[in-house]
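The values are calculated or read from the model by the stated rules, or taken from the named source; none is laboratory data. All values derive from a computational prediction rather than experimental measurement. Cβ coordinates were reconstructed from backbone atoms using ideal geometry, including for glycine residues, and neighbour counts include every protein chain displayed.
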Amino acid sequence: MRIFSPPFILCSLLCLSIFSCKKSSTLPPKATGTGANSSNIEALNNIDKQVISPYKNWAFGEKAYLHTKNILDFGVRPIESQGHKKTQAYITSQLVKFGWKVSRQSFKTMTPYGERSFVNLIARRADTTEAPNIILAAHYDSKLLDDFLAADDAASCVGAIIEIAEHLPTHEKTIAQQMELVFFDGEEALSPNIEYMKDGLYGSIYYSQYLRNDIADTRKTYPHKPKFGILLDMIGHNNLSINIPSDTPYSLLKSYYSVVEKHKLQERFTVANGSILDDHYPMNVIAELPTIDIIGNFSAKSWWHTTNDNLDNISKNSLNVSIQVALEIIKDQIAKASK
Ligand SMILES: [Zn+2]
């Protein structure tokens with residue numbers, strides 16, 4: 001992803017200001033009487049001690065971390081590489097094991113370096129014919145850079161979704177049955193920077209166009225438009241600093257604020273001063289599916305798109321907190337939709 005550049009009128013003013021909003025790394029506030037049953041986080045001076053109490057019976061992050069490690073063991077995974085194919089196979093095998101049916105959305109498209117092949121992986125519960133209402137997505141390709149494992153960009157997010165895919169069917173079956181999991185290919189540009197409709201976001205653009213056309217043509221893959229989407233990107237860094245785009249659709253922004261305030265996570269979950277060009281953008285503007293991008297503050301971090309984005313970056317408890325925030329936003333949206 002990248003910050004929008006000035007040619008994008010939509011956000012040009014805002015995007016320039018995002019560079020001035022770099023957030024110094026701050027520690028969460030000290031504990032203020034949070035008891036064992038409090039709904040507040042146990043705020044200690046270490047993200048590795050933070051747990052949102054409603055989820056104490058299910059500590060997320062452990063398995064997401066393991067999936068992240070397994071994906072990194074395949075090596076780099078730029079499009080059409082061996083590591084890329086192995087990652088596809090891994091995602092598919094894990095999801096099938098947990099009762100999901102996985103489809104391959106394969107396509108070819110022109111890039112600045114000629115025609116290239118891409119594969120989005122799309123999963124729904126095998127035991128339901130219900131149309132999806134919730135899209136949960138992350139990209140699985142890595143940028144073509146020497147030895148760039150892209151642990152948080154975004155293997156950690158793929159790992160998080162696989163963990164959610166294991167958890168939900170047992171603990172939140174009705175949510176699982178409304179959900180479509182999407183693993184985007186080709187988020188990364190082949191050139192240094194993403195340029196909308198020129199380079200990068202290949203998988204999300206194709207998926208969003210398919211979704212829009214399918215609904216218009218009543219092709220029955222999507223009998224109706226899903227209600228909302230959640231994109232995860234860089235949610236597992238050990239110095240967690242989530243900074244979502246300022247143009248997040250209002251309803252999702254309200255859910256985000258509500259969850260963040262409820263658990264006193266304001267130090268680590270903020271809103272950027274500008275837009276961000278990431279896979280949520282085609283979902284919002286092409287599919288017109290309101291989508292939130294829960295994304296780490298990559299612009300302020302020296303590890304982004306460097307070999308330092310490796311497993312040492314990843315924290316089980318950052319994953320834990322991010323996963324819980326994502327799930328609470330989903331529940332808040334579902335509760336609002338049913339009112
Ligand atoms: Zn990237």
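For the residues Thr68, Thr92, Thr87, the requirement of being in a helix (DSSP H, G or I) and in contact with a Lys or Arg (Cβ under 7 Å, 6 or more places away or on another chain) singles out Thr87.
To keep it simple, each residue is scored yes or no on (1) within 24 Å of Ala335 (Cα to Cα); (2) modelled with pLDDT under 95.
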residue: Leu149; (1), (2): no, no
residue: Glu163; (1), (2): yes, no
residue: Gly200; (1), (2): no, no
residue: Ile205; (1), (2): no, no
residue: Thr218; (1), (2): no, yes
residue: Leu252; (1), (2): yes, no
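Scanning the range 303-327 for residues that are of a type in the set (A, V, I, L, M) and within 16 Å of the ligand (Cβ to nearest atom) yields a count of 1.
Is it true that some residue in the range 87-108 is in contact (Cβ under 8 Å) with a residue 60 or more places away in the chain, surrounded by 19 or more Cβ atoms within 10 Å (Cβ to Cβ) and within 16 Å of the ligand (Cβ to nearest atom)? Scanning the range 87-108, I find at least one residue that is in contact (Cβ under 8 Å) with a residue 60 or more places away in the chain, surrounded by 19 or more Cβ atoms within 10 Å (Cβ to Cβ) and within 16 Å of the ligand (Cβ to nearest atom), so the answer is yes. All conditions but one from (1) part of a strand (DSSP E or B); (2) more than 15 Å from the ligand (Cβ to nearest atom); (3) not hydroxyl-bearing (Ser, Thr, Tyr) apply to Pro132; the one that does not is (1).
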